[in-house]
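Notes to accompany the following structure.
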Amino acid sequence: MLTRVASAVAATVAAVTGVACSQTAPQTPELKAKWQDASLHDHKVKTLEGKDADLKDYAGKVTLVVNVASQCGLTGQYAGLQKIYDTYKAQGFEILAFPSGDFGGQEFSDAGKIREFCTTKFSVTFPMFEKCRVKSGDGQSEVFALLGTKTGELPGWNFGKYLVSRDGKTVQFFASTVTPESTRLIDALE
C-alpha cells in the first residue's frame, strides 16, 4: 500500500511540475546515421506472452507506441488508451504497449500478472509486448532507441507516447502528462 501511495505521489508531482515526463535522447552522429532511414516496421519483438512478433505487421497503420506500467499513478491512462483504440481501430490505428519498470519499478516482473491486471482492470485489447528498457544505455529496446533518436526525446516517466506514421518513419513524441484523449493527441492522430 505504501508503495502505491509513494508511486501516486511521484506521478502527481511529475505530472504537475512536468519534471521527468521526458528526457533528451542521445543524438550522436552514429545514432542519427543508424536510425535516419529506419522504420518502426523494421523491428521484431516478443509479445507479452513471449511469442515472436514482427512490427511490419503494423505497416500501413498509424500507431501509438506507449511505455506502460501497472502500478503507476498514471495507470488510469489505460482507460483512455482503450477508448481511443476502440474509436480509431477500424480506421487503421493501433496501439503498441511496451511495459517497463524503468521509472520507479512500477511494473510487475511477471508477464502473466501484467496481462491479468490490464485485462481485469482496464479490458485492454490492444497489442502488448514484453517488458523492456526504454531509457538510453545498455539494454535499451531498439524500438525506443529508434523513436528517441527520431524525435530527440525519450520518456522520462511511464506512459510516454510516440505517434508513428503509416510508413513507420515519421514520429511525434507526447510526454506522460498528455492524456490519450487530449485534444493535442487526437488532433495529431486524425
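The values are calculated or read from the model by the stated rules, or taken from the named source; none is laboratory data. None of these values were measured; they are calculated from a predicted model. A quick note on method: Cβ atoms are made from the backbone with ideal geometry, for glycine too, and the neighbour counts reach across all protein chains shown. Just the protein is used for accessible areas: all its heavy atoms, side chains included, with ligands, DNA and RNA removed. Shrake-Rupley method; radii C 1.70, N 1.55, O 1.52, S 1.80 Å.
Structure summary
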| read-out | value |
| --- | --- |
| Residue check, V124 under 14 Å from L40 (Cβ atoms) and among the hydrophobic types (A, V, I, L, M, F, W, C) | no |
| All positions within segment 14-33 that are modelled with pLDDT under 75 and over 17 Å from F173 (Cβ atoms) | V16, T17, A33 |
| Contacts under 6 angstrom Cβ, first residue in segment 171-183 being under 18 Å from V62 (Cβ atoms), partner β-branched (V, I, T) and open to solvent by 20 Å² or more (accessible area, probe 1.4 Å), 6 or more apart | V171/T151; F173/T151 |
| Residue selected from segment 159-190 under the condition in a helix (DSSP H, G or I) and not small (G, A, S), by the criterion surrounded by the most Cβ atoms within 10 Å (Cβ to Cβ) | L185 |
| Filter result for the condition that a residue is in contact with an Asp or Glu (Cβ under 8 Å, 6 or more places away or on another chain), more than 16 Å from G156 (Cα to Cα) and without any contact (Cβ under 8 Å) to a residue 40 or more places away in the chain, over K51, K44, K83 | K44 |
